[in-house]
Structure formats: C-alpha cells, structure tokens
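The values are calculated or read from the model by the stated rules, or taken from the named source; none is laboratory data. Nothing here was measured: the structure is a model prediction, and the numbers come from that model. Neighbour counts run over all protein chains shown; Cβ positions are idealised from the backbone, glycine included. When the accessible area is computed, the model is the full protein with side chains, heavy atoms only, and any ligands, DNA or RNA have been set aside. Shrake-Rupley method; radii C 1.70, N 1.55, O 1.52, S 1.80 Å.
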Amino acid sequence: VAELQRRADALRATVRDGLWDSDQKIFANRFANGTFSNRISPTSFYALQTNAPSEEQARTMMVAWLRNSSRFCVGGDDRSDECYWGPPSISADDPAFPPLGYWRGYVWGPMIQLVYWGLENYAEAVPEVKAAKAALADQAGAMFLNMWRRHGHVCENYSPWKNATDCTGDRFYHWGGLAGLAGLVEAGF
C-alpha cells in the first residue's frame, strides 16, 4: 500500500507541475518538445479528478476558463447565442470552434460528467469551484431537458447554440443521458 501511495503522490506532482501551463492558466496537453498545446478542451479539467491541482489552480481555471463566457460558457447571463450550452468540446475562442464538427464544439454528456466529478473534489474548499459545479449541473440539465421536452430525444451530443432545434448526433444515444445526471446528483438524487 505504501508503494502505491508513493506512486500516486508522484503522479499527482507530475500532473500538477508538468501539465500546468502558467501562461494559459490551465492544464494543457504538452508536446514532446516541452511546449503546450493551445487547443483547450474540457479534458483540461480532468486533472481535478486526481486531486493534483492546487486550490489556486482550480480557482484560476474556473474564472479564466470554465465560467468564462467566451471559452466554456458555463453559467452566467452573459453567454452568447453561439456558446449558450456548455462546455463545448473545444474552447469557444478557438478558431476550430465556429465550424462545429464532431469533436469541435459540440457538447458531450460524458465530458460534462467527467468535469463534474473533478469539480466535486474542490467544491467544498474553493467557492468558485462550488459555483461552477452548480452552474454546470443546472445548465447541463436544462440543455438535456430542452431536447427531451421538444422531441423526446437523448442526444449523442448537443449543439452549444442557444436556438438549436435538435440533436447534432444520434437522437437517442445512451451516453447523452449523462448530460442530465449531474443535475440529478446536484439535487441530491
């Protein structure tokens, strides 16, 4: 057990110190040459699941990225019509976002759930994370119910656009239900 704990601690330190991009203020993919990718997706928040980030890193990611209406658009009244439902699968300020392709901007239930689980680890200690967790659950649940009430669809993925009229992938897909799960968990179910 002691050896496994030592290895886990070493891995957390590697994530915290090696994947944190202090210029972009988020965990980012790192190339073999040591530079960071400027393509930021919800996977950057998965580091929160490991408990590797410091509380300050978690706080910074909420303010600079997750709750930012020009990036991942979670919560807030200042969301644009193009990034109303979040988090999109790539930051809304990335040039790859506007064309909206399968993995370029659509909102995915599994990504919502994985981000939510990471937020749970910091919600009690970091008020900005607690607010982001509640906003994500509320927004994802509303997005899910929007399509369910309109069409009875559980979407494979969802458009980030406010006025989207239907699913962007399959109209009844098992993992699409994860978009509504965070809201149920947040409500105590």
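How much of the accessible area of the chain, probe 1.4 Å, is carbon plus sulfur, in whole percent?
For the chain, the apolar C and S fraction of the accessible surface comes to 54 percent.
Full extension from Phe172 to Gln5: what is 0.36 nm times the residue separation minus their Cα-Cα distance, to one decimal in nm?
56.0 nm
Which of Asp23, Asp93, Asp81 moves most in a GNM of the chain, Cα contacts under 10 Å?
Checking each option, the largest mean-square fluctuation is seen for Asp23.
Among the chymotrypsin sites (Phe, Trp or Tyr not before Pro) in segment 10-73, which ones are in a DSSP loop with at most 15 other Cβ atoms within 10 Å of the Cβ? Mind listing them?
Loop-located and lightly packed - Phe31.
Give me the net charge of Gln24's neighbourhood, meaning all other residues with Cβ under 13 Å from the Cβ of Gln24; Lys, Arg count +1, Asp, Glu -1.
0
In deg cm²/dmol and to the nearest 500, what is the mean residue ellipticity at 222 nm of the chain if only DSSP H runs of at least 4 residues count, each as -39500 (n - 2.57), divided by the residue total?
Helix contribution divided over all residues of the chain: -12000 deg cm²/dmol.
Please list, in chain and number order, the residues 5+ apart from Ile26 or on another chain whose amide H is under 5 Å from its amide H, with Hs placed from the backbone.
Amide H to amide H, under 5 Å and 5 or more residues apart or across chains, Ile26 pairs with Asp21.
When the chain is treated as a GNM, springs tying every alpha-carbon pair under 10 Å, which of Leu11, Leu48, Leu145 comes out with the largest mean-square fluctuation?
Top of the fluctuation ranking is Leu11.
Taking Cα pairs under 8 Å and at least six residues apart, what relative contact order does the chain come out at, in percent?
18 percent
Give the residue list of GluC sites (Glu not before Pro) in segment 83-189 that are DSSP loop and have at most 10 other beta-carbon atoms within 10 angstrom.
The qualifying sites are Glu124.
For the chain, with every protein chain kept in place, what is the accessible area per residue (1.4 Å probe, Å²)?
Dividing the accessible area of the chain by its residue count gives 50 Å².
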